[in-house]
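The values are calculated or read from the model by the stated rules, or taken from the named source; none is laboratory data. Quick caveat: nothing in here was measured; it's all calculated off a predicted structure. A quick note on method: Cβ atoms are made from the backbone with ideal geometry, for glycine too, and the neighbour counts reach across all protein chains shown. Ligands, DNA and RNA are stripped out before the accessible areas are found, and what is left, the full protein with its side chains, is counted by its heavy atoms. Shrake-Rupley method; radii C 1.70, N 1.55, O 1.52, S 1.80 Å.
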Amino acid sequence: IPRTKTKVMINVADPNSALQWWYLPIDGVGLVRMEFLISNHIKVHPMALVHPDRVESRQEKKEIESLTSQFKDDPTEYFVDILARGVSKIAAVFYPRPVIV
C-alpha cells in the first residue's frame with residue numbers, strides 16, 4: 001500500500017489485533033476504543049470494582065472475584081493494571097508513531 005499525502009491513522013479496539021496492523025503504512029493510532037478494551041479484556045465495569053456491594057448477582061460476584069483474585073487488597077487496581085497493559089501493548093506495537101487514547 002503506497003503512502004499518501006494525507007495522514008492516515010487507524011482505530012484500534014483490541015490490543016491483540018494491533019499486532020495484525022503494525023505493518024500498514026499509517027501515521028499512528030487515531031483512537032483506542034476504550035469501551036471495547038474494557039468489555040473484552042477487563043471484563044468488569046469499573047463501578048462494579050468501586051462498589052462491589054452493589055453487585056446483586058452471585059454469579060457476577062464470583063466472576064469478579066475470580067478476575068481480581070490477585071488484587072485482593074484493592075480490586076480497583078485490577079482495572080488500572082489491565083487497562084495499562086492493553087494501552088501499553090498498543091503503544092508498543094505502533095512506536096514511535098502516536099497513539100491517541
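Any residue at all in segment 73-84 that is among the β-branched types (Val, Ile, Thr), closer than 24 Å to ALA18 by Cβ and surrounded by 14 or more Cβ atoms within 10 Å (Cβ to Cβ)? Yes. In this structure, GLU56 does not satisfy being open to solvent by 50 Å² or more (accessible area, probe 1.4 Å), touching a Lys or Arg at 6+ places or on another chain (Cβ under 9 Å) and free of Cβ contacts under 8 Å to residues at least 24 places away in the same chain. For segment 1-12, filtering for residues that are in contact (Cβ under 8 Å) with a residue 24 or more places away in the chain and touching a helix residue (DSSP H, G or I) at 6+ places or on another chain (Cβ under 9 Å) leaves 1.
Residues that are part of a loop (DSSP other than H, G, I, E, B), without any contact (Cβ under 8 Å) to a residue 40 or more places away in the chain and not charged (D, E, K, R) within segment 13-53 comprise ALA13, TYR23, LEU24, PRO25, VAL44, HIS45, HIS51, listed in sequence order. Filtered by the rule that a residue be closer than 12 Å to PRO98 by Cβ and either touching a Gly at 6+ places or on another chain (Cβ under 8 Å) or open to solvent by less than 30 Å² (accessible area, probe 1.4 Å) (or both), segment 13-30 gives ILE26, GLY28, VAL29, GLY30.
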